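The values are calculated or read from the model by the stated rules, or taken from the named source; none is laboratory data. Worth saying up front: this structure is predicted, and the values here are computed from it rather than measured. Cβ: placed from backbone, ideal geometry, glycine included. Neighbour counts: every protein chain shown. Accessible surface is based on the protein model in full, side chains and every heavy atom, while ligands, DNA and RNA are left aside. Shrake-Rupley method; radii C 1.70, N 1.55, O 1.52, S 1.80 Å.
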Amino acid sequence: MKLIKNIQIYAPENLGVKDVLISDSKIEKIDNTIKFPYPIETIDGTGCILTPGLIDRHVHITGGGGEAGFISRARPIDVKEILDAGITTVIGLLGTDGYTRSTKELFAKAKELTQKGVHAYILTGSYAYPSNTLTQSMEDDIVFIDSILGVKLALSDHRSTHINNDELIHMASRIRTASLIAGKQANLTIHMGDEKQALEPVFNALEKADIPISLFQPTHCTRNPHLFEQAKKFADLGGTIDLTCDGNGKTLSYIQQIKNTDKVTISSDAQGSWSTYNEDGSVKEIGITPISNLKNEFILLKNELGYEKSLPFFTQNVANVLGFKNKGQIKEGFDCDLVIWKDDQIQHVITNL
């Protein structure tokens, strides 16, 4: 058990200064004053801020990269890097390299992170179609593996397998059925590239088939102006869009252009590679994205919008669109995924007691 005293809570809504009692990895009680009949571990929260732990839905936990040969492969992420960024939940996925990287490796890394105190889930699949899976099919992955929340696919990208419209509808239908059987909110997370068709394959699928728009969840939606215009249209229809941050606050200008931000999420693409290309298609420059970008982006948005308006993009919205029932908010009965801040510095990260 643990007691946090006299701390300002943003849950994300402003709850004021309260005491918080944590027991058995859950938030047991939130009240103005909590007194306990015997001594327990107590944190003095005077002058500090308590928020939900950040959720990063796009992390290459086993390392991404590889587009400039084997020497450009990124290393796996370390649990300390995740916690130092105030992140208590990550969703791991594969990137361009679905050949030397495997879903088995991804699954094992997620188990390691979970045992070390971070809630870690994964997506099956990679850029390619058919999907890179843990079992014999993506449906079995979703139905039988609790930690698998959906499928990854690349669209409108020169590194994708250029799935056609019928294949996309077929794939989404299979994910939908598996999701219903598993009792999950499984999704198709779509890496969006720079090609001109952008989100048109998704719009075509929605027009031709009776598949819920919530199943399609595009990411990297600010990659170019044309894609972002289509992403805004997708959001207007009730779809979820994910914005990749660089830790420099640029997501603010995009958020301000979206009418309904309840389903907008922000992620880091950590340990994935960023790259630029020469005219002949060869790699010009390549680098690796740090997970600290998510924390830095949150701080910059918080300074502009305040805690209540900025937190949901990193907590509540993410939990809602991924189907997490007890995460993303500070509420009695919810998981004790908490971060204590003081002057934009992390003082404590509390998770998996």
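For Ser214, all conditions in the list (1) more than 22 Å from the chain's Cα centre (by Cα); (2) surrounded by fewer than 18 Cβ atoms within 10 Å (Cβ to Cβ) hold save one; what is the number of the exception?
Of the numbered conditions (1) more than 22 Å from the chain's Cα centre (by Cα); (2) surrounded by fewer than 18 Cβ atoms within 10 Å (Cβ to Cβ), the odd one out for Ser214 is (1).
Could you please give the count of residues in the range 1-36 that are part of a loop (DSSP other than H, G, I, E, B), farther than 29 Å from Leu322 by Cα and either open to solvent by less than 40 Å² (accessible area, probe 1.4 Å) or at pLDDT below 95 (or both)?
Within the range 1-36, residues that are part of a loop (DSSP other than H, G, I, E, B), farther than 29 Å from Leu322 by Cα and either open to solvent by less than 40 Å² (accessible area, probe 1.4 Å) or at pLDDT below 95 (or both) number 3.
Filter the range 240-272 for residues that are surrounded by 22 or more Cβ atoms within 10 Å (Cβ to Cβ) and on the phi > 0 side of the Ramachandran plot and give the result.
Asp269, Gln271
Looking at the range 235-251 only, could you name the residues that are in contact with a strand residue (DSSP E or B) (Cβ under 6 Å, 6 or more places away or on another chain) and assigned to a helix (DSSP H, G or I)?
Correct list: Ala235, Thr251.
Of everything in the range 121-135, what is open to solvent by less than 10 Å² (accessible area, probe 1.4 Å) and within 13 Å of the chain's Cα centre (by Cα)? Give them in sequence order. Walk me through how you get there before you give the answer.
Within the range 121-135, the first condition is being open to solvent by less than 10 Å² (accessible area, probe 1.4 Å), and the residues that meet it are 122-126.
Listed by number, the residues that qualify are Ile122, Leu123.
Determine which single condition Gly95 fails, assuming it passes every other condition in (1) buried (at least 24 other Cβ atoms within 10 Å of the Cβ); (2) within 28 Å of Glu167 (Cβ to Cβ); (3) out of contact with any Lys or Arg (no Cβ under 6 Å at 6 or more places or on another chain); (4) at pLDDT 95 or above.
The single condition Gly95 does not satisfy is (4).
Look at the range 317-343 and say how many of its residues are open to solvent by 50 Å² or more (accessible area, probe 1.4 Å) and not in a strand (DSSP E or B).
So the count comes out to 6.
With the structure loaded, tell me whether Ile266 is more than 28 Å from His348 (Cβ to Cβ) and in contact (Cβ under 8 Å) with a residue 40 or more places away in the chain or whether it fails that test.
When the stated conditions are applied, Ile266 does not pass them.
May I ask you to list the residues in the range 98-120 that are over 23 Å from Leu188 (Cβ atoms) and either of a type in the set (Val, Ile, Thr) or surrounded by 21 or more Cβ atoms within 10 Å (Cβ to Cβ) (or both)?
Thr100, Leu113, Thr114, Val118 - these are the residues of the range 98-120 that are over 23 Å from Leu188 (Cβ atoms) and either of a type in the set (Val, Ile, Thr) or surrounded by 21 or more Cβ atoms within 10 Å (Cβ to Cβ) (or both).
Restricting the first residue to the range 161-178 and requiring it to be in contact (Cβ under 8 Å) with a residue 12 or more places away in the chain, which pairs with a second residue that is surrounded by 15 or more Cβ atoms within 10 Å (Cβ to Cβ) and not aliphatic (A, V, I, L, M) meet a Cβ separation below 6 Å and a spacing of at least six or different chains?
So the pair list comes out as Thr161/Tyr129; Ile163/Tyr129; Asn165/Pro201; Asn165/Asn204; Leu168/Pro201; Arg174/Glu139; Ala178/Glu139.
Find all pairs meeting these conditions: Cβ atoms under 8 angstrom apart; at least six residues apart or on different chains; first residue within the range 303-325 and under 18 Å from Gly249 (Cα atoms) and of a type in the set (Gly, Ala, Ser); second residue crowded, with 22+ Cβ neighbours inside 10 Å and modelled with pLDDT of 95 or more.
From residues that are under 18 Å from Gly249 (Cα atoms) and of a type in the set (Gly, Ala, Ser), the pairs are Ser310/Phe298; Ser310/Leu301.
With more than 24 Å from Lys152 (Cβ to Cβ) and among the hydroxyl-bearing types (Ser, Thr, Tyr) as the only criterion, which of Tyr277, Tyr307 stands out?
Exactly one residue qualifies, and that residue is Tyr307.
Would you check which residues across the range 185-211 are open to solvent by less than 50 Å² (accessible area, probe 1.4 Å) and assigned to a loop (DSSP other than H, G, I, E, B) and list them?
Ala186, Gly193, Ala198, Leu199, Ala209, Ile211
Look through Pro76, Pro39 and report the one residue that is open to solvent by 10 Å² or more (accessible area, probe 1.4 Å) and free of Cβ contacts under 8 Å to residues at least 12 places away in the same chain.
The match here is Pro39.
I need the full set of residues from the range 110-127 which are in a strand (DSSP E or B) and either more than 29 Å from Leu155 (Cβ to Cβ) or hydroxyl-bearing (Ser, Thr, Tyr) (or both), in order please.
Tyr121, Thr124
Would you be able to say whether some residue in the range 139-148 is open to solvent by less than 10 Å² (accessible area, probe 1.4 Å), touching a residue at least 60 places away in the same chain (Cβ under 8 Å) and in a strand (DSSP E or B)?
Residues of the range 139-148 open to solvent by less than 10 Å² (accessible area, probe 1.4 Å): 141-142, 148.
Among the residues that remain, those that are also touching a residue at least 60 places away in the same chain (Cβ under 8 Å) are: none.
Scanning the range 139-148 turns up no residue that is open to solvent by less than 10 Å² (accessible area, probe 1.4 Å), touching a residue at least 60 places away in the same chain (Cβ under 8 Å) and in a strand (DSSP E or B).
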